[in-house]
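Down below is the structure, laid out as structure tokens.
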Amino acid sequence: MEIKNKVVLITGASQGIGKSTAIELSKQGASVIINFNSNENLANEVLKECNKYSQKNIVVKADITNENDVKEMFNKIVKKYNQIDILINNEGIFDESDSPTNLKAFENIFSINFLAQIRITKYALEIMKNGKIINVSSVHGQLGQGRPDAIAYSSMKAALNSYTKNLAKSLAPKIIVNAIAPGKTLTPMWGELKEKEKKELEKTLLIKRFILPEEIADGILFLIKNDAVCGEILTIDGGMS
């Protein structure tokens, strides 16, 4: 797929993997829609960087768990672009209260990280004729991975993987769907890590360091460009699994 002049919507694009992906795709000549929910300053910084490389980039505020916000966001997209060519479902959280018995954590994580992605995809498909959908999953969603204190998060990512594969069956060949499954990636989701904590976490990766958001963005770029990859979960975990 040729990326130049394509319209790309990235949810949660104000920082981390979403930010790196927005910048990388703008370097490829795409027009990027930078979705954010809370930090407009960070989103505008991403926009400023994207504008160095491509045109018609915009920032759109929307809480993707809110139906009205999502409708309004897509109304703006239709008015400016009329369609989108690439959707990257990146928005996500980790709930520190995650545990096997905390139903609120399950509800919170599934609402933001899974059901909201389905909502975004639903509206995107109304204005997508051909293109690519990339879901940002996690190595925790794969068989045998995850841990008890991230059980809701791991379960949600497993559900996202299944959704990805079945959506691919439904939409191919006009729209090709894949997911990317990062391992430990150095994003703001980790908070302020002390050097000792960081080194302990890095020991679980064969490469003995955190993965960079830019390296995940490279994987997303590959999935967009390669038209033969369909219904796959591309793992980039530094040998963690």
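The values are calculated or read from the model by the stated rules, or taken from the named source; none is laboratory data. Bear in mind the structure is a predicted one, so any value in this text is a computation, not a measurement. Please note: Cβ atoms are built from the backbone with ideal geometry, for glycine as well, and neighbour counts cover all protein chains shown. The accessibility values were calculated without ligands, DNA or RNA, using every heavy atom of the protein model including side chains. Shrake-Rupley method; radii C 1.70, N 1.55, O 1.52, S 1.80 Å.
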Going through region 108-160 one residue at a time, which ones are modelled with pLDDT of 90 or more, part of a loop (DSSP other than H, G, I, E, B) and open to solvent by 40 Å² or more (accessible area, probe 1.4 Å)? Glu126, Lys129, Asn130
How many residues does region 49-100 hold that are in a helix (DSSP H, G or I) and aromatic (Phe, Trp, Tyr)? 2
Cβ-Cβ distance below 8 Å, separation of 6 or more or different chains: which pairs start in region 150-166 with a residue that is without any contact (Cβ under 8 Å) to a residue 40 or more places away in the chain and more than 17 Å from Ile134 (Cβ to Cβ) and end on one that is assigned to a helix (DSSP H, G or I) and open to solvent by less than 40 Å² (accessible area, probe 1.4 Å)? Ser154/His140; Ser154/Gly141; Ala158/Gly141
Does region 41-48 contain any residue that is at pLDDT 95 or above, of a type in the set (A, V, I, L, M), closer than 23 Å to Lys132 by Cα and over 16 Å from the mean Cα position of the chain (by Cα)? yes
Looking at region 8-22, is at least one residue in contact (Cβ under 8 Å) with a residue 12 or more places away in the chain, buried (at least 20 other Cβ atoms within 10 Å of the Cβ), under 20 Å from Pro188 (Cα atoms) and over 13 Å from the mean Cα position of the chain (by Cα)? no
Could you please find all residues in region 40-65 being open to solvent by less than 60 Å² (accessible area, probe 1.4 Å) and of a type in the set (S, T, N, Q)? Ser54, Asn57, Thr65
Considering each residue of region 91-107, count those that are surrounded by 18 or more Cβ atoms within 10 Å (Cβ to Cβ) and among the small types (Gly, Ala, Ser), and give that number. 2
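Which one of these is farther than 30 Å from Ala228 by Cβ and out of contact with any Ser or Thr (no Cβ under 9 Å at 6 or more places or on another chain): Val46, Val70?
Selected residue: Val70, the only one of Val46, Val70 that is farther than 30 Å from Ala228 by Cβ and out of contact with any Ser or Thr (no Cβ under 9 Å at 6 or more places or on another chain).
Each row is one residue, and each column tells you yes or no for (1) among the hydroxyl-bearing types (Ser, Thr, Tyr); (2) open to solvent by 20 Å² or more (accessible area, probe 1.4 Å); (3) touching a residue at least 40 places away in the same chain (Cβ under 8 Å).
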site: Asn178; (1), (2), (3): no, no, yes
site: Gly183; (1), (2), (3): no, no, yes
site: Leu186; (1), (2), (3): no, yes, no
site: Lys203; (1), (2), (3): no, yes, no
site: Phe210; (1), (2), (3): no, no, no
site: Asp218; (1), (2), (3): no, yes, yes
site: Lys225; (1), (2), (3): no, yes, yes
site: Val229; (1), (2), (3): no, yes, yes
site: Ile236; (1), (2), (3): no, yes, yes
